[in-house]
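A short worksheet on the structure shown next.
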């Protein structure tokens, strides 16, 4: 037995269920054998420094194991991997720990949902967990933030943080920063007032709350007519990014409510459809940038803010790059929020362009109407919650794109707590009239370097690697690898189910793996 | 390809076959399906209320007019998950496990029936009096038109084209006429919005040419069915040429085959096919 134990320690130097200290997450980019946080690192580049799998050998990539999800539902989880264990979520809000060598479960935690649990305007999904110390953190559909023991799945604490009865729910992965767990909520189609919270990782006590819609007397409150701010939405349902040097947290804010009829909420509707930079210690707003003022197309700005450095307008800057649901790509100075560059990356018919401050120059009469208004992109946007990737090697920003238009209809909505509050709808142009693409943009200019066209508008994120590859997945069930420099397809594998997840990479016994969810399963791949 | 195969992109006429097979199995016990549906007693006010509820709560996924969005199109007479009205009520009330379809806990039963009634109205053509003679049309279908070479009615016929057993419930007379005179003008889509029976032509790297109906397609592969009902599977990177012939059809036009009166007869026959077996 001793020799087996010794061998095991050699294979996994830290042992199963090791501590995930905050310092390790801070340095996640230099620990590429693991995947410690939702987007790979606080910079959210979803880039892996692993380079065993390359453009030369990727054609030989083979499945190593498949884990079949036990709960029915859509699988949008991004697994985390640390020291031999993969932590993933299953719908609606369960957590499973797997042995990454075998794909065999080590433990599972499930929460029985109340029968009347509300998922208003979105499917009952979960996108993943956060790890810190010996604890796994997960948000639940019924509005709880739960801390689980990473060795057993036992509950350390369980806090109700949002009232599901009025439409709040948690679908996004929390983010662990220092000693805090940052968590946002869904509910943008239920007339919530959005917020982003920070909780003490040890006790579950709330450290701060940032309301995404300013209350009376606060700056920005004047951008809401009458009492519309009370039901103005602004959900925070996708995980944000963090700059530890500036101690700023960057988080995307969702659409205003009601979605398709803005008559009762005249004004820019801050901070909906914006990215906010918050002091991570206090939750106080440092700056904001609004991509789509007074949105009437449901173009949430929850897309991942990607942090990088680069020379723009004559000097080296700390940058924030993001491809927005509204079809424009933006480069901001992340110290100040200054708009630097904006360019269209997908078809859009609602703005003539962006002015020098990045505000859209609107094309008249593109709002939803009673008879229907044709506009691009569709309500699901030119991209959505699934992650982009940035490779510091190619300096390219890879965006999963949805090329689809829609007829937008304006309706009426009366706010009723716990009911949908949308006031209209869309009829999307489907099938052969729509398509998907992976587009590679020059990160500093937004100019298109290459495109790989796909059968249908995507619901899957991308991963870029130091092996010169971009991994992604399609609605029709293919996982694929593209040459990161040229977009040339080099490998694909039919999983049998739609891919609605973000790929990750890690090592098992020093051997690079790529894993992602597809259909009702998690697939792990490696070279033979 | 078996009738129960349910590809995620395109299924041509096959989904109808599998849906009807499901209908048959559900009807066998003869319980709920035989009870009178509350939909039959609904008023136009119920229907209008159902429409408003649909637009507020269902349209985000199923599209404003029910033609589909992220959810499937519901403007068809046979819904795979809801072969009868009681099943449709249950789908709306309880949702569908393993899918994005949620339970409508927020609606009372009466409202659910109103929505169900509206959904049913999306897929039903009205039975109207037509000028032709169905019996004459049936004879033309079986003889001069040779329609059964490619189409199934009540289980009999060829399977290249769509099953016509319930075509009269799915399509109005105007659509049937344009299909007979100009088959390539079809705007029919499957529930994911893909053009049904799209004609595609491919040339392989070794020069082999195949022209046929798209069965299924994804980014990397293509499955076609040629005019002889042979199925082909291609990887797109093995193809030298790939083209879509939108506006084309493997079905011939009957403009010059039938007289105008015969066309009326055939339409009357097709319109009479409303799912009876």
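Read-outs: derived from the displayed coordinates by stated rules, not from any lab. Note that the coordinates shown come from a computational prediction; the quantities given were computed from them, not determined experimentally. Using ideal geometry, Cβ is built from the backbone for each residue, glycine included, and neighbour counts are taken over all protein chains shown.
Using a 10 Å cut-off on Cβ atoms, rank the peptides A:491-502, A:99-110 from the highest mean neighbour count down. Walk me through the numbers on the way to the answer.
On the way: A:491-502: 21.2, A:99-110: 16.4.
Listed from highest to lowest mean packing, they are A:491-502, A:99-110.
First measure r as the distance between the Cβ atoms of residue A:134 and residue B:239, then evaluate 1/(1 + (r/R0)^6) with R0 = 56 Å and state the FRET efficiency to the nearest 0.05. Could you put the intermediate results ahead of the total?
Working: r = 54 Å, r/R0 = 0.96.
According to the calculation, E is roughly 0.55.
Could you tell me the relative contact order of the range A:409-528? Use alpha-carbon pairs under 8 Å, at least six residues apart, and round to a whole percent. Reported as a whole number, the value is 14 percent.
Between the beta carbons of residue A:227 and residue B:44, assuming R0 = 45 Å, the FRET efficiency works out to 0.80 to the nearest 0.05. Think of it as helices only: each DSSP H run of n ≥ 4 in chain A is worth -39500 (n - 2.57), and spread over all residues that comes to -500 deg cm²/dmol at 222 nm.
Annotation: the residues B:221, A:336, sorted from fewest to most other C-beta atoms within 10 Å of their own C-beta, follow the order A:336, B:221.
What is the diffusion coefficient of the range A:256-306 in µm²/s, taking the Kirkwood radius over Cα pairs and the Stokes-Einstein relation at 20 °C with a viscosity of 1.002 mPa s?
Working: Rh = 11.8 Å.
Translational D for this selection: 182 µm²/s.
Per residue of A:180-186, other chain Cβ atoms within 10 Å of the residue Cβ number 0 on average. Using the Cβ-Cβ distance between residue A:209 and residue A:336 with R0 set to 25 Å, the FRET efficiency from 1/(1 + (r/R0)^6) comes to roughly 0.55. Extension gain, residue A:442 to residue A:365: 0.36 nm times the residue separation minus the Cα-Cα distance gives 24.5 nm.
Using Cα-only point scatterers and the Debye equation, what is log10 of I(q)/I(0) for chain A at each q in 0.08, 0.11 Å⁻¹, rounded to two decimals? Relative scattering, expressed as log10 I(q)/I(0), comes to -0.45, -0.89. In this simple spin-label model, placing a label point 7 Å from the Cα along the Cα-to-Cβ direction at both residue B:182 and residue A:116 gives a separation of 5.5 nm. A viscosity of 1.306 mPa s and a temperature of 10 °C, combined with the Kirkwood radius over C-alpha pairs in the Stokes-Einstein formula, give the range A:245-370 a diffusion coefficient of 105 µm²/s. Modelled spin-label separation between residue A:27 and residue A:200, with each label point placed 7 Å from Cα along the Cα-to-Cβ direction: 2.9 nm.
Take each residue of peptide B:188-196, count the partner chain Cβ atoms within 10 Å of its Cβ, and average: the result is 4.
Using a cutoff of 8 angstrom between alpha carbon atoms and counting only pairs six or more residues apart, the relative contact order for the range B:199-244 works out to 41 percent.
Let me check against my output: what whole-number percent is the relative contact order of the range A:343-472, with C-alpha pairs under 8 Å and at least 6 apart? Working shown, then result.
Details: 276 pairs, mean separation 31.0, N = 130.
Reported relative contact order: 24 percent.
If packing is taken as the average count of other Cβ atoms within 10 Å, what order do A:184-197, A:131-144, A:407-420 fall into, highest mean first?
Values: A:184-197: 27.1, A:131-144: 23.1, A:407-420: 18.0.
Going from most to least packed, we get A:184-197, A:131-144, A:407-420.
Placing a pseudo-label 7 Å from each Cα along the Cα-to-Cβ vector at residue B:277 and residue B:255 gives an inter-label distance of 3.8 nm. Per-residue mean of foreign Cβ neighbours for B:51-63 is 5 (Cβ atoms of other chains, 10 Å radius).
How much of the DSSP bridge set in the protein assembly as shown is antiparallel, in percent, rounded to the nearest 5? If I count the DSSP bridges inside the protein assembly as shown, around 95 percent turn out antiparallel. Between 0 and 90 degrees, the angle of helix B:260-272 with respect to the longest Cα principal axis of chain B falls at about 40 degrees.
Treating the angle as unsigned and between 0 and 90°, give the value, to the nearest 10°, between the Cα long axis of helix A:2-11 and the longest Cα principal axis of chain A. Helix A:2-11 sits at roughly 40 degrees to that axis.
For the range A:389-446, the direction-averaged projected area of the alpha-carbon convex hull comes to 6.9 nm².
What is the angle, in °, between the Cα long axis of helix B:44-57 and the longest principal axis of the Cα atoms in chain B? Nearest 10 is fine, range 0 to 90. For helix B:44-57, the angle is close to 70 degrees. Only helical runs count toward this figure. For chain B, summing -39,500 (n - 2.57) over DSSP H runs of n ≥ 4 and dividing by all residues gives -9500 deg cm²/dmol at 222 nm.
Whole-Å semi-axes of the range A:39-119's equivalent ellipsoid, largest first, each the root of 5 times a Cα gyration tensor eigenvalue?
Equivalent ellipsoid of the range A:39-119: 29, 16, 13 Å, largest first.
When restricted to Cα atoms, chain B yields an Rg and a Dmax of 20.2, 63 Å, respectively.
The listed peptides B:84-91, A:199-206, ordered by packing as a protection proxy, come out as B:84-91, A:199-206 (highest mean of other Cβ atoms within 10 Å first).
Let me know the whole percent of all Cα-Cα pairs from the range B:199-244 that are separated by more than 17 Å.
Tail of the P(r) past 17 Å holds 18 percent of the pairs.
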